[in-house]
Ligand code: AMP
Ligand code: MG
């Protein structure tokens with residue numbers, strides 16, 4: 001698929017690998033990397049290994065997995081999840097592709113862990129706001145009563161009934177949208193696929209959400225976190241070993257009306273877009289958990305995030321509020337160098 005300028009800009013969202021930072025200690029860098037367009041964004045897989053043929057064939061396997069996952073897990077394009085959502089709305093059960101079952105089980109656990117702020121059962125609300133679309137809608141906002149009624153019907157992962165491979169929902173308002181979680185799962189699986197081939201120094205960038213393993217020729221990977229309110233890099237993070245760096249933000253996807261922005265992350269309690277946080281970056285060895293956590297902490301907002309982070313067992317979080325002020329945990333602070341000076345920096349223990 002041809003890539004346009006917007007696609008390249010998309011890769012700059014969230015975070016990116018910073019070139020040329022850090023000195024190589026000992027080993028010479030032999031990076032093999034491939035770019036692909038999948039999950040509606042640019043994806044970059046890089047492997048540090050002397051055998052470039054092996055690296056290329058492993059990257060091709062990762063690319064095939066990504067294409068398959070995109071089709072199977074997409075919330076609003078034809079595929080298994082779409083069929084399942086149609087069955088929920090009609091009060092029917094549906095036999096899902098077996099590989100979806102562990103995802104649903106894990107997403108249910110993670111939704112509970114987040115106190116319901118991450119809620120992949122609110123696909124109906126996400127769709128009502130018009131975010132199940134490649135292009136953001138420009139017209140009038142959805143009616144307040146419709147949003148309130150859908151939020152009051154409280155769709156939850158706990159409404160699901162799984163019998164063998166058949167899944168149904170007690171609540172017809174449940175519509176699954178794994179958009180806040182599936183990137184993390186895909187990143188974890190990509191690193192697993194590479195590791196199974198003995199490729200343990202790698203970086204996968206899925207539209208600004210990254211997972212790394214090992215190091216870059218003896219030095220940490222240097223990840224740039226994009227400034228959520230301007231152009232360029234806010235901070236550089238040094239990471240090594242198996243780690244994910246996931247950013248959620250209100251600046252990535254939003255619609256505008258009457259001079260106001262309505263971002264794509266929805267507070268399940270009200271059905272309204274979460275507007276008080278510019279971005280949250282979470283570092284965690286488990287990319288799926290980090291993905292869920294970043295989404296949940298955007299919903300939690302600039303005060304409640306601390307309790308939610310504690311409940312989710314997070315120790316590395318950076319939050320930028322609407323005024324550009326940064327709050328971060330001590331462990332995050334220890335690996336962060338600011339490239340652009342934020343309005344304020346506070347270190348907050350969780
Ligand atoms: P992320 O970029 O990981 O924060 O995911 C954002 C996407 O997750 C949105 O585009 C929606 O598809 C979906 N989403 C929005 N709000 C929520 C929420 N509160 N819980 C779970 N998924 C959500
Ligand atoms: Mg997420």
Taking Cα pairs under 8 Å and at least six residues apart, what relative contact order does segment 18-140 come out at, in percent? 13
When N counts the residues of segment 113-187, how does its alpha-carbon radius of gyration compare numerically with 2.2 N^0.38 Å, as a ratio? 1.22
Relative contact order, percent, of segment 220-291 when contacts are C-alpha pairs under 8 Å separated by at least 6 residues? 30
Rounded to the nearest 0.05, what FRET efficiency do residue 138 and residue 52 have when you use their Cβ-Cβ distance and R0 = 51 Å? 0.65
Less than 19 Å from a label point 7 Å out along the Cα-to-Cβ axis of residue 92: which backbone N atoms in segment 156-175 qualify, by residue? 160-175
Among DSSP beta bridges lying fully in the chain, give the percent that are antiparallel, nearest 5. 90
What percent does the relative contact order of the chain come to when contacts are Cα pairs within less than 8 Å and at least six residues apart? 19
Averaging the inverse of every distinct alpha carbon separation and then flipping it gives the Kirkwood radius. What is it for segment 290-350, in angstrom units? 11.7
Please state the Cα pair-distance histogram of segment 64-162 with 10 angstrom bins from zero: what percent is in each bin? 13, 42, 36, 8, 0
Angle, helix 182-196 long axis vs. longest principal axis of the chain, Cα atoms, 0 to 90°, nearest 10? 40
Find how many whole Å separate the alpha carbon centroid of segment 55-127 from the alpha carbon centroid of segment 218-274. 22
Helical mean residue ellipticity (222 nm; -39500 (n - 2.57) per DSSP H run of 4+; nearest 500) of the chain: -10000 deg cm²/dmol
When the chain is modelled as a GNM with alpha-carbon springs shorter than 10 Å, which of 15, 87, 296 fluctuates the most? 87
Could you calculate the FRET efficiency of residue 153 with residue 310 from 1/(1 + (r/R0)^6), where r is the beta carbon distance between them and R0 is 25 Å, rounded to 0.05? 0.25
Hey, in the GNM for the chain with a 10 angstrom Cα cutoff, which one of 75, 190, 60 fluctuates hardest? 60
Which residues in segment 161-205 have a backbone N closer than 19 Å to a point placed 7 Å from the Cα of residue 101 along the Cα-to-Cβ line? 161-170
Pairing the Cα long axis of helix 80-89 with the longest principal axis of the chain, what angle in degrees results, from 0 to 90 and rounded to the nearest 10? 20
Find the all-direction average of the projected area of the Cα convex hull for the chain, expressing the result in square nanometres with one decimal place. 17.3
Could you check the spin-label model distance between residue 261 and residue 346? Points 7 Å from the Cα along Cα→Cβ, value in nm. 2.1
Given 10 Å bins starting at zero, what is the percent of C-alpha pairs of segment 175-236 in each, up to the one with the largest pair distance? 19, 40, 32, 9, 0
Estimated distance in nm for a label pair at residue 146 and residue 253, the labels positioned 7 Å out from Cα along Cα-to-Cβ: 1.8
Residue span residue 67 to residue 334: 0.36 nm per residue of separation minus Cα-Cα distance leaves a gain in nm of 92.5 nm
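Each reported figure results from applying straightforward, stated rules to the coordinates on display, with no laboratory input. Being a predicted model, the structure only gives us computed values, none of them experimental. Reconstructed Cβ throughout: ideal geometry from the backbone, glycine too, with neighbour counts over all protein chains shown.
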